[in-house]
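The values are calculated or read from the model by the stated rules, or taken from the named source; none is laboratory data. Bear in mind that the values here come from a model prediction, so they are computed numbers and not experimental data. FYI the Cβ positions are ideal-geometry reconstructions off the backbone, even for glycines, and counts take in every protein chain you see.
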Amino acid sequence: MASLLRAVNISKAFPGVQALADVNLHVERGEVVAVVGENGAGKSTLMKILAGVTTADSGMLEVDGRPVALRSVTEAEHLGIVLIHQELNLAGNLDIAGNIFLGREPTWGGVLGLIDHSRMHDDAAHITGRLGLLASPYAVVDTLSIGQQQLVEIARALSLQSRLLILDEPTSSLTESETALLFRVLSELTEQGISILYISHRLKEVEIIADRVVVLRDGKNAGDLVGDEIMHHAIVQRMVGRELKQFFQRHRPEAIAGVHPVVSVRGVRWSEQQKGIDFTIAPGEIVGMAGLMGSGRTELAETLFGVRRMVSGAVAIDGVTIPIRTPADAINAGIFLIPEDRRVQGLILVDTVKDNISLTQLSSLSRFGIVQGSQEDELAQAMCQQFNVRTPSTSQTVANLSGGNQQKVVLAKWLSRTPRLLIMDEPTRGIDVGAKSEIYALMDDLAEKGAAILMISSDLEEILGMSDRVLVMHDGDLAGQLRRNELSEQVIMHLATGGAAKT
């Protein structure tokens, strides 16, 4: 029997970039194929070609053994190929049924404009029931969790009689329980003969869910892994072309106990319902912060940076209490924030690399209120070299960089100054394994120079690999503090889910 889908010798070039070069891929019925690779490896371009978003320069696509030309998303959907983007594409003001059948609403007797709402909601309930989505088809999408919204996207795909679902980073914003539910749904769909193309940087998930892994590197096939061959180190080796023998690059400080802390947080609250949060961070220490989504980790970061109003409490830097009412107060005290959403909060995407890096230094780069272009160029060039930002020039628009290089620009922007406390909220979310290793090395170097780092992360492997101590949040309060010798995924999750701390 012919493969459900075959892509043969697919090539695609953009101005100055060969995105794909003779890439081959096949997907069988009821199979989960993970496509992995570093940012810029060609994953997204290949998926867009398969989903009809863009066309290849050369090569051939086959569906059910027959050559096809996919010139639009509609043509791909008619063949049962549906792409679900990382950024969900839903109408938040419509209900679940309205989103599932948007633009394809059933009508009374085929009469244009007379929507059969009863039938539409019944059909939606049938599809969402298959996925274990318990919400009413009348529920407005904006009231749903991200995990539920993900299932609405899948329900829409199933309403199109899809045979191949392409999922791009589907768990990047999901909780662990939502991820587990998604995996159960995908398993049930494959049992029904539906195939899955799964794109993810989370290699642990790939190990769990994939029947086969296709690795891309520099726009070319770098190898396939099947069954028991699918292991973290094997995937990484093919992705980067080398073994990352020291993935978490951390030279741990020998003596932190008794050292005067860089930062002291005492009784900090951003709501009246909290007990108040206390912790310290010593110079050269990386303190991880774990917790489930909604536990208050990002809220704490925003409070320490002055984005969110502090109801009560005090923050001291090098023993001096700092009143933090605005981000300017925090910045002047040497507190810098690398935000969770770099594209929305950390960068001006339409500006250049140079413009973004110089943002925090405009006063020192200016003379009589005019930015000195030569000094700005020198700063941007030096920071790009120091942080290994891969860009054709500092005049490149930031939106055109890979996720890893965008994150390095955010780091370069802040670290052109000297931080006392660097708060990093999900520092490696959505970036490839090679860029992660570089960012870990930058963090380690910064800590060795005496900075204090608060690293908020949902990646427990990252928390365990980089942290000297770990703070665990639950329901807006600090559930516990763990020393290095106390760390394990089980202990962290026990505290994160409301379990009592051991005394």
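Is there a residue in the range 72-83 that is under 27 Å from the mean Cα position of the chain (by Cα) and closer than 20 Å to L216 by Cα?
Taking every residue of the range 72-83 in turn, at least one turns out to be under 27 Å from the mean Cα position of the chain (by Cα) and closer than 20 Å to L216 by Cα.
For A412, work out the one condition from (1) among the hydrophobic types (A, V, I, L, M, F, W, C); (2) at pLDDT below 75; (3) buried (at least 20 other Cβ atoms within 10 Å of the Cβ) it doesn't fulfil.
(2)
List every residue pair whose Cβ atoms sit under 8 Å apart, with the two residues 6 or more apart in sequence or on different chains, where the first one lies in the range 426-450 and is of a type in the set (S, T, Y) and the second, anywhere, is at pLDDT 85 or above and not in a helix (DSSP H, G or I).
Partner pairs satisfying both residue conditions: T428/S457.
Where residues in the range 152-175 are small (G, A, S) and not in a helix (DSSP H, G or I), which of them is surrounded by the fewest Cβ atoms within 10 Å (Cβ to Cβ)?
Kept after step one, since they are small (G, A, S), are these residues of the range 152-175: 155, 157, 159, 162, 172-173.
Those left that are additionally not in a helix (DSSP H, G or I): 162, 172-173.
Values: S162: 22, S172: 16, S173: 19.
Among them, the one singled out is S172.
What pairs come up if the first residue lies in the range 30-56 and is closer than 23 Å to T74 by Cα and outside the structural domain of V214 (by TED's automatic domain parsing), the second is surrounded by fewer than 24 Cβ atoms within 10 Å (Cβ to Cβ) and at pLDDT 90 or above, and their beta carbons are under 8 Å apart, counting only those six or more places apart or on different chains?
none
At pLDDT 80 or above, closer than 30 Å to G296 by Cβ and either assigned to a helix (DSSP H, G or I) or assigned by TED's automatic domain parsing to the domain that holds I199 (or both) - does that describe any residue in the range 422-434? Steps first, answer last, please.
If we filter the range 422-434 for residues that are at pLDDT 80 or above, which is where we start, we get 422-428.
Going one step further and asking which of them are closer than 30 Å to G296 by Cβ, we end up with 422-428.
Still in the list and also either assigned to a helix (DSSP H, G or I) or assigned by TED's automatic domain parsing to the domain that holds I199 (or both): none.
No, the range 422-434 contains no residue that is at pLDDT 80 or above, closer than 30 Å to G296 by Cβ and either assigned to a helix (DSSP H, G or I) or assigned by TED's automatic domain parsing to the domain that holds I199 (or both).
If a residue counts only when it is over 17 Å from M473 (Cβ atoms), which strands (runs of 3 or more DSSP E) contained entirely in the range 276-380 have at least 2 such residues? Step through it out loud before you land on a result.
Numbers: elements: 277-281, 286-290, 312-317, 320-322, 335-338.
Per the criteria, 312-317, 320-322, 335-338.
Mind checking which residues of the range 447-503 are among the charged types (D, E, K, R), in a loop (DSSP other than H, G, I, E, B) and in contact with a Ser or Thr (Cβ under 8 Å, 6 or more places away or on another chain)?
Here is the first cut: in the range 447-503, the residues among the charged types (D, E, K, R) are 448-449, 459, 461-462, 468-469, 475, 477, 483-484, 486, 489, 502.
Going one step further and asking which of them are in a loop (DSSP other than H, G, I, E, B), we end up with 449, 459, 468, 475, 502.
Selection gives D459, D475.
Scan the range 109-129 for residues that are of a type in the set (A, V, I, L, M, F, W, C) and either surrounded by 13 or more Cβ atoms within 10 Å (Cβ to Cβ) or modelled with pLDDT of 80 or more (or both) and jot them down.
Residues of the range 109-129 that are of a type in the set (A, V, I, L, M, F, W, C), as a first pass: 111-112, 114-115, 120, 124-125, 127.
L114, I115, M120, A124, A125, I127 - these are the residues of the range 109-129 that are of a type in the set (A, V, I, L, M, F, W, C) and either surrounded by 13 or more Cβ atoms within 10 Å (Cβ to Cβ) or modelled with pLDDT of 80 or more (or both).
Just one of the numbered conditions (1) surrounded by fewer than 14 Cβ atoms within 10 Å (Cβ to Cβ); (2) free of Cβ contacts under 8 Å to residues at least 24 places away in the same chain is not true of N89; which one?
Only one criterion in (1) surrounded by fewer than 14 Cβ atoms within 10 Å (Cβ to Cβ); (2) free of Cβ contacts under 8 Å to residues at least 24 places away in the same chain is unmet by N89, namely (2).
For R266, state whether it is farther than 23 Å from T428 by Cβ and assigned to a loop (DSSP other than H, G, I, E, B).
Values: farther than 23 Å from T428 by Cβ: yes; assigned to a loop (DSSP other than H, G, I, E, B): no.
Criteria not met by R266.
Just to be sure I understand, how many residues within the range 20-73 are more than 26 Å from A435 (Cβ to Cβ) and outside any strand (DSSP E or B)?
15
Name the single residue, out of those in the range 12-27 being surrounded by fewer than 16 Cβ atoms within 10 Å (Cβ to Cβ) and either outside the structural domain of F183 (by TED's automatic domain parsing) or modelled with pLDDT of 90 or more (or both), that is farthest from the chain's Cα centre (by Cα). Before you say what the answer is, go through the steps one by one.
Going through the range 12-27, the residues surrounded by fewer than 16 Cβ atoms within 10 Å (Cβ to Cβ) turn out to be 13-18, 22, 24.
Among the residues that remain, those that are also either outside the structural domain of F183 (by TED's automatic domain parsing) or modelled with pLDDT of 90 or more (or both) are: 22, 24.
Details: D22: 28, N24: 27 Å.
By that ranking, first place goes to D22.
Which residues, taken from the range 459-479, are surrounded by fewer than 21 Cβ atoms within 10 Å (Cβ to Cβ) and among the small types (G, A, S)?
Residues satisfying the conditions are G465, G476.
Specify which of the listed residues (G434, G450) is more than 18 Å from E340 (Cα to Cα) and touching a helix residue (DSSP H, G or I) at 6+ places or on another chain (Cβ under 8 Å).
Details: G450 fails: touching a helix residue (DSSP H, G or I) at 6+ places or on another chain (Cβ under 8 Å).
Just a single option satisfies the conditions, and that option is G434.
Residue under question is T428, and the condition is that it be in contact with an Asp or Glu (Cβ under 9 Å, 6 or more places away or on another chain), among the β-branched types (V, I, T) and over 30 Å from V287 (Cα atoms); does it hold?
Values: in contact with an Asp or Glu (Cβ under 9 Å, 6 or more places away or on another chain): yes; among the β-branched types (V, I, T): yes; over 30 Å from V287 (Cα atoms): no.
Spelling it out, it is not the case that T428 is in contact with an Asp or Glu (Cβ under 9 Å, 6 or more places away or on another chain), among the β-branched types (V, I, T) and over 30 Å from V287 (Cα atoms).
In this structure, does Q385 turn out to be under 24 Å from V36 (Cβ atoms), of a type outside the set (K, R) and assigned to a helix (DSSP H, G or I)? Outline the logic, then answer.
Working: under 24 Å from V36 (Cβ atoms): no; of a type outside the set (K, R): yes; assigned to a helix (DSSP H, G or I): yes.
Considered against the rule, which asks whether it is under 24 Å from V36 (Cβ atoms), of a type outside the set (K, R) and assigned to a helix (DSSP H, G or I), Q385 comes out as no.
Kindly indicate which of L133, L94 is modelled with pLDDT of 90 or more, more than 23 Å from the chain's Cα centre (by Cα) and surrounded by 13 or more Cβ atoms within 10 Å (Cβ to Cβ). So that I can check it myself, show each step before the final result.
On the way: L133 fails: modelled with pLDDT of 90 or more.
Result: L94 is the single residue among L133, L94 that is modelled with pLDDT of 90 or more, more than 23 Å from the chain's Cα centre (by Cα) and surrounded by 13 or more Cβ atoms within 10 Å (Cβ to Cβ).
Which of the residues belonging to the range 227-241 are in contact (Cβ under 8 Å) with a residue 24 or more places away in the chain and surrounded by fewer than 16 Cβ atoms within 10 Å (Cβ to Cβ)? Full working, then the answer.
Here is the first cut: in the range 227-241, the residues in contact (Cβ under 8 Å) with a residue 24 or more places away in the chain are 230-232, 235-236, 239-241.
Across the range 227-241, the qualifying residues are M231, H232, G241.
Quick check on this structure: which one of E178, E188, E207 is assigned to a helix (DSSP H, G or I) and more than 23 Å from E462 (Cβ to Cβ)?
Details: E178 fails: more than 23 Å from E462 (Cβ to Cβ); E207 fails: more than 23 Å from E462 (Cβ to Cβ).
Only one candidate qualifies: E188.
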